[in-house]
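The values are calculated or read from the model by the stated rules, or taken from the named source; none is laboratory data. Given the structure is predicted, the values throughout are model-derived calculations rather than measurements. Cβ placement follows ideal geometry from the backbone for every residue including glycine, while neighbour counts extend to all protein chains displayed.
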Amino acid sequence: MTNRQGVWPTAELHVHIEGTLETELLVALARRNNVELPSYDPDALRELYRFTDLQSFLDIYYANLAVLRTEADFYDLGLAYLTRAAAAGVRRAEIFFDPQTHLANGIPLAVVFGGLTRALNEGRENLGISADLILCFLRHLGGAEALATLDAAIPYLDQLIGVGLDSAEVGFPPSLFTEVFAKAAALGLHRVAHAGEEGGPDYVHEALDLLGVERVDHGIRSVEDDHLLEVLRERRIPLTVCPLSNVCLQATPTLAAHPLPAMLDAGLIVTISSDDPAYFGGYIDDNLAAVQQEFALSPEQMAQLARNSFQAAFLPDAEKRRYI
Ligand code: HPA
Ligand code: ZN
């Protein structure tokens with residue numbers, strides 16, 4: 001299954017570009033833009049990454065994004081991820097970004113799109129990665145802010161394939177975002193949402209029924225609800241599972257206790273991704289290697305995960321067939 005370099009060719013469908021900001025680049029950008037950090041030692045900064053839950057991560061993740069100021073910064077961030085992803089075997093990447101964080105930092109959308117799209121073009125041409133952007137709404141800012149963000153992004157629609165929903169889950173259910181997801185659908189955008197990461201199965205039900213999502217990000221708590229498992233299986237809804245993220249944010253006590261095997265046994269279309277690899281100790285190859293080892297997955301099971309990732313990608317069937 002692995003190719004000569006020992007990597008699994010795959011699609012990565014759940015990665016936040018802001019979560020790929022390694023501490024070395026964080027320090028370089030802080031110096032470039034005169035932004036204050038708690039330390040300028042990349043290792044010391046990484047030492048601060050000890051999380052107890054999603055919010056404890058989000059607090060540091062959002063604070064670090066103050067270093068992103070210019071189009072060149074977003075380009076450097078995007079290209080660094082794509083370079084690492086190519087080495088990890090990624091052939092297709094559907095990349096989340098959080099424009100509301102950058103707008104709040106005073107950075108215009110044109111700067112964010114300009115830098116990221118330039119990096120994606122470069123990745124396509126020089127790294128052999130097909131890549132597109134998915135705009136995520138921050139659920140803690142609510143539905144009206146999400147609508148305003150979608151409206152502001154309309155001039156950049158040709159640089160987007162979809163919308164997503166991320167940030168603090170519990171207390172911010174999908175039902176708050178019905179209107180903005182309906183509008184995104186009317187604009188021809190794909191729809192995904194984080195659900196069932198910390199929130200219960202009811203959040204996954206809502207994401208499916210109220211937002212019409214085509215994939216569920218995380219969705220690990222779906223295993224608590226047999227009826228939901230049936231719905232996910234019958235509607236063939238893929239789930240983008242990020243095992244090292246779930247361990248780091250204590251969504252699961254240990255990797256051994258992760259519900260991945262139960263999800264596979266339930267016949268779900270499971271894919272593996274890295275989420276925020278600069279914070280959670282590994283890129284997609286590390287996540288794949290970790291689950292292969294922990295659950296003694298067979299070569300056929302690893303091949304199935306790879307096939308699932310391309311099957312679940314937002315690509316025309318003819319293009320998927322090139323990878324599967
Ligand atoms: N969950 C929710 N929001 C996020 C995450 C995540 O894992 N990463 C970046 N924003
Ligand atoms: Zn995520």
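Which numbered condition trips up ALA262, out of (1) farther than 22 Å from ILE95 by Cα; (2) within 16 Å of ligand 2 (Cβ to nearest atom); (3) aliphatic (A, V, I, L, M)?
(2)
Would you point out which residue out of LEU120, LEU82, LEU133 is within 16 Å of ligand 2 (Cβ to nearest atom) and either in a helix (DSSP H, G or I) or closer than 24 Å to VAL163 by Cβ (or both)?
LEU133
Looking only at region 156-205, how many residues end up being closer than 19 Å to PHE97 by Cα, of a type in the set (Ser, Thr, Tyr) and within 16 Å of ligand 2 (Cβ to nearest atom)?
Qualifying residue count, region 156-205: 1.
Only helices (runs of 4 or more DSSP H) wholly contained in region 1-68 count here; list those with 3 or more residues that are within 16 Å of ligand 1 (Cβ to nearest atom).
Answer list for region 1-68: 54-64.
Take the conditions over 21 Å from ILE161 (Cβ atoms), over 17 Å from the mean Cα position of the chain (by Cα), loosely packed, with under 15 Cβ neighbours inside 10 Å and of a type in the set (Ser, Thr, Tyr) and apply them to THR70. Does it pass?
no
Among the candidates GLU230, GLU206, GLU179, GLU224, single out the residue that is out of contact with any His (no Cβ under 6 Å at 6 or more places or on another chain), surrounded by 17 or more Cβ atoms within 10 Å (Cβ to Cβ) and of a type outside the set (Phe, Trp, Tyr).
Of the residues listed, the single one that is out of contact with any His (no Cβ under 6 Å at 6 or more places or on another chain), surrounded by 17 or more Cβ atoms within 10 Å (Cβ to Cβ) and of a type outside the set (Phe, Trp, Tyr) is GLU206.
I'd like to check which helices (runs of 4 or more DSSP H) are fully inside region 246-324 and have at least 3 residues that are in contact with a Phe, Trp or Tyr (Cβ under 7 Å, 6 or more places away or on another chain).
Details: elements: 260-265, 277-280, 284-294, 299-311, 317-323.
So the answer is 299-311.
Whether any residue in region 233-256 is more than 16 Å from ligand 2 (Cβ to nearest atom), over 15 Å from the mean Cα position of the chain (by Cα), of a type outside the set (Lys, Arg) and closer than 22 Å to ASP132 by Cα is what I want to check. Talk me through it step by step, then tell me what you get.
Of region 233-256, the ones more than 16 Å from ligand 2 (Cβ to nearest atom) are 233-237, 253-256.
With the extra rule that they be over 15 Å from the mean Cα position of the chain (by Cα), the set shrinks to 233-237, 253-256.
Checking the rest, the ones that are also of a type outside the set (Lys, Arg) come to 234, 237, 253-256.
Now narrow it down to the ones that are closer than 22 Å to ASP132 by Cα: 237.
Yes, region 233-256 contains a residue that is more than 16 Å from ligand 2 (Cβ to nearest atom), over 15 Å from the mean Cα position of the chain (by Cα), of a type outside the set (Lys, Arg) and closer than 22 Å to ASP132 by Cα.
Quick one: how many residues across region 82-104 are within 16 Å of ligand 1 (Cβ to nearest atom) and more than 19 Å from LEU150 (Cβ to Cβ)?
1
Of the residues in region 182-196, how many are surrounded by fewer than 24 Cβ atoms within 10 Å (Cβ to Cβ) and under 25 Å from ASP225 (Cα atoms)?
Matching residues across region 182-196 total 1.
Looking at the structure I just gave you, is LEU244 more than 16 Å from ligand 1 (Cβ to nearest atom), in contact (Cβ under 8 Å) with a residue 24 or more places away in the chain and surrounded by 22 or more Cβ atoms within 10 Å (Cβ to Cβ)?
Here the answer is no, as LEU244 does not meet what is asked.
Looking only at region 265-281, count every residue that is on the phi > 0 side of the Ramachandran plot and within 16 Å of ligand 2 (Cβ to nearest atom) and tell me the total.
2
Please find, among HIS140, HIS194, the residue that is of a type outside the set (D, E, K, R) and part of a helix (DSSP H, G or I).
Of HIS140, HIS194, the one residue that is of a type outside the set (D, E, K, R) and part of a helix (DSSP H, G or I) is HIS140.
Here's the yes/no breakdown for (1) within 15 Å of ligand 2 (Cβ to nearest atom); (2) within 19 Å of LEU13 (Cβ to Cβ); (3) at pLDDT 95 or above; (4) not charged (D, E, K, R):
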position: GLU214; (1), (2), (3), (4): no, yes, yes, no
position: ASP217; (1), (2), (3), (4): yes, yes, yes, no
position: SER222; (1), (2), (3), (4): no, yes, yes, yes
position: MET302; (1), (2), (3), (4): no, yes, yes, yes
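Quick one: would you say LEU79 is crowded, with 17+ Cβ neighbours inside 10 Å, within 16 Å of ligand 1 (Cβ to nearest atom), modelled with pLDDT of 95 or more and of a type outside the set (Lys, Arg)? Talk me through it step by step, then tell me what you get.
Working: crowded, with 17+ Cβ neighbours inside 10 Å: yes; within 16 Å of ligand 1 (Cβ to nearest atom): no; modelled with pLDDT of 95 or more: yes; of a type outside the set (Lys, Arg): yes.
Here the answer is no, as LEU79 does not meet what is asked.
What pairs come out if I take residues in region 129-149 that are on the phi > 0 side of the Ramachandran plot and pair them with residues that are within 16 Å of ligand 1 (Cβ to nearest atom) and in a helix (DSSP H, G or I) whose C-beta lies under 8 Å away, six or more apart or interchain?
From residues that are on the phi > 0 side of the Ramachandran plot, the pairs are GLY142/LEU176.
Out of (1) surrounded by fewer than 22 Cβ atoms within 10 Å (Cβ to Cβ); (2) farther than 22 Å from LEU315 by Cα, what's the single condition that is false for PRO174?
The failed condition is (1).
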